[in-house]
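Asker: Okay, here's the structure, questions in a sec.
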Amino acid sequence: MRAVPARQHPGIVHLGLSNFHRAHQAVHTAAALDAADGPWGVLGVAPRSTAVADAMVAQDLRYAVVEISPAGERAVVPAVHTGVRVAAREPDAVLAALSAPGTRIVSLTVTEHGYTLDPVTGGLDLDHPGVRADLRGDAAPGTAIGLVARGLLHRARAGAAPVTVLSCDNLLGNGDTTARLVHGFAHAMAQAEREELTAYLAGVTFPNSMVDRIVPATTDATRAAAARLTGVDDAVPVPAEPFSMWALEDRFAAGRPAWESAGRGVPGAVFTDDVAGYELLKLRLLNGTHSLLAYLGALAGQDLIPGAMAHPAVRAAAERVLHDEYRPTVPVPAGVDIDAYAARLVERWSNTALGHRTRQVGSDGSLKLAQRVPGPAAEHVAAGRMPHHLALTVAAWLACVAPPPGYDPGPHAAAMHEPARERLAATATGPAADHVRAACALLGGEPGPGFADRVTDLFIVLTRHGVDDAVAEAAGGRTAA
């Protein structure tokens, strides 16, 4: 593998070396650099795990993105990373990179969980142990928001120009949310630090963005495909679907790559003032339906999302929640063909060659569903309609991560990561209605009268009679006995 081209100076520091970053932003940045030169190399920062970082160093920072579909496979090598760091291992080097004069964009792909967000208040979770430690500042920052805030404070003290902080995670209003959290961190700092950082933040921009690509976990099959397609052994290739979409606000404090340029198999990014419309389109139609597929699929014994789509009752529920409950709540952005978009979603979920696992999609549900279910559910309830399949989504999530005594949700549900699992388990042995209300409280509260009761009905059917009966119950709009 050849060395990184000299033109690619590290103008972007990206927090997170996840598969998603490496198959989405990295590929779009490679296409941008093909179209227009610039100082837009990416320094990738892994929070704690050394596996991907060390493997990339051993491979001259190269890896393959293996695009997989029923039509075949192809490999793309983005080659935009100029270096990698591990924040827990090299904290001083990471802070130095964040404060370097050449850094113009600090971007993040740290998952919803990584923002240390209080789901009830929508602000920074000041009781989080990591946040408290980062505010004290007596050790290297351990949270993403702490790292960003401390890095910006270093820039302020070094006299470095303001930068853009670009969230690339599935949070509604992710730029606004990140700005709120960073400002919240600054407000909680000691007075002298607070004043320095707050003054500097006046020049920092936090554009909203929407990112969309299905990127499963890497497997031995991915490695075999990468070797077959590239002729090189690759320890950390990334599997991905061919589809990719990116919508952003064009608010950059110190320039940006030509991300609107198409290439490397991806279309150009869309720069728009209506990122909120694209966010709702994706978070509700894609992510919201994806969650229901994952939870019902796992409970039906399906390891993979395509397997869930092949289960007739699960597919029927997914199509109902997509078309009847999510779609009516989304104002369609100009230029988007909503019928074609919805049809493409069904194709993407049915991609048997890709193998996205239900346990991966279903993980961190308490954080994900808080972004996806309460808003549209409240709209329906306020209009006098009960969103039965949104209620089924909550019921299926709860059955997966905090089932009642005597109910076995199966190995795929048990493998889901859920930060609230222990908290939810505390109410699982009591009445189902109390258990459901505790779950709704974690998602931000009941979105309207009767919703928690409907979740309870479906939870009882699901855990006593199974997936098919619960789907029939939701479709029939009845109350469980």
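The values are calculated or read from the model by the stated rules, or taken from the named source; none is laboratory data. Just so it is clear, the structure is predicted and the values come from calculations on it, not from any experiment. Counting neighbours? That spans all protein chains shown, and the Cβs are built from the backbone with ideal geometry, glycine included. Only protein heavy atoms, including side chains, enter the accessible area calculation; ligands, DNA and RNA are left aside. Shrake-Rupley method; radii C 1.70, N 1.55, O 1.52, S 1.80 Å.
Asker: Return the percentage of antiparallel bridges among DSSP beta bridges fully within the chain, rounded to the nearest 5 %.
Answerer: Roughly 30 percent of the DSSP beta bridges within the chain come out antiparallel.
Asker: Additional query: One quarter of the convex hull surface, Cα atoms only: what value does that give for region 197-264 in nm²?
Answerer: In nm², the orientation-averaged hull projection of region 197-264 is 7.2.
Asker: At q = 0.16, 0.17, 0.23 Å⁻¹, work out log10 I(q)/I(0) for region 31-134 with the Debye formula, treating every Cα as an identical point scatterer and leaving solvent out; two decimals please.
Answerer: Debye curve over Cα of region 31-134, log10 I(q)/I(0) at q = 0.16, 0.17, 0.23 Å⁻¹: -0.94, -1.01, -1.32.
Asker: Still on this structure, I have one more. For Ala414 and Glu196, what does the FRET efficiency come to when R0 = 56 Å and r is the distance between their Cβ atoms, rounded to the nearest 0.05?
Answerer: 0.75
Asker: Moving on. Using the Karplus curve 6.51 cos²θ - 1.76 cosθ + 1.60 with θ = phi - 60°, work out ³J(HN,Hα) for each residue of region 448-460 in order, rounded to whole Hz, and write x for Gly and Pro.
Answerer: Residue by residue, region 448-460 yields x, x, x, 5, 4, 5, 5, 4, 4, 3, 6, 4, 5 Hz.
Asker: Please list, in order along region 336-347, the HN-Hα scalar couplings obtained from phi with the Karplus expression 6.51 cos²θ - 1.76 cosθ + 1.60 (θ = phi - 60°), rounded to whole Hz, x for Gly and Pro.
Answerer: In residue order, the calculated couplings are 9, 8, 5, 5, 5, 5, 5, 5, 5, 4, 4, 4 Hz.
Asker: Further, regarding this structure: Can you compute the radius of gyration and Dmax for the chain, using only the Cα atoms, both in Å?
Answerer: 22.3, 69
Asker: Rg and Dmax of region 349-467, using alpha carbons, in Å: what are they?
Answerer: Using the Cα atoms of region 349-467, the pair Rg, Dmax is 14.1, 42 Å.
Asker: Per-residue counts of other Cβ atoms within 10 Å, averaged by peptide: what ranking do you get for 137-144, 385-392, 192-199, 304-311, highest first?
Answerer: 385-392, 304-311, 137-144, 192-199
Asker: Give me the 1.4 Å probe accessible area per residue for region 280-408, excluding ligands and nucleic acids, in Å².
Answerer: Value for region 280-408: 32 Å² per residue.
Asker: Given Cβ point charges of +1 (Lys, Arg) and -1 (Asp, Glu) and nothing else, what value in debye, to the nearest 20, does the dipole of the chain about its Cα centre take?
Answerer: 600
Asker: Right, next: How many percent of Cα pairs in region 399-468 exceed 21 Å?
Answerer: For region 399-468, the share of Cα pairs beyond 21 Å comes to 21 percent.
Asker: Per the Kirkwood formula on distinct C-alpha pairs, the Rh of region 1-91 is how many angstrom?
Answerer: That comes to 13.5 Å for region 1-91.
Asker: How do 109-115, 427-433, 237-243 rank on mean C-beta neighbours within 10 Å, highest first?
Answerer: Peptide ranking by packing, descending: 237-243, 109-115, 427-433.
Asker: Now for a separate question. Could you list the GluC sites (Glu not before Pro) in region 237-331 that lie in coil according to DSSP, counting only those with at most 16 other Cβ atoms within 10 Å of their Cβ?
Answerer: Nothing satisfies the criteria.
Asker: Same structure again: Among Gly184, Gly72, Ala395, flag the residue with its Cα farthest along the positive direction of the charge dipole of the chain, charges on Cβ as +1 for Lys/Arg and -1 for Asp/Glu.
Answerer: Positive-most Cα among the choices belongs to Gly72.
Asker: Let me ask you something else. Helix 25-35 versus the longest principal axis of the chain: what angle, 0 to 90°, nearest 10, using Cα atoms?
Answerer: 50
Asker: What's the Cα-based Rg to Rh of region 185-304, Rh via Kirkwood?
Answerer: 1.10
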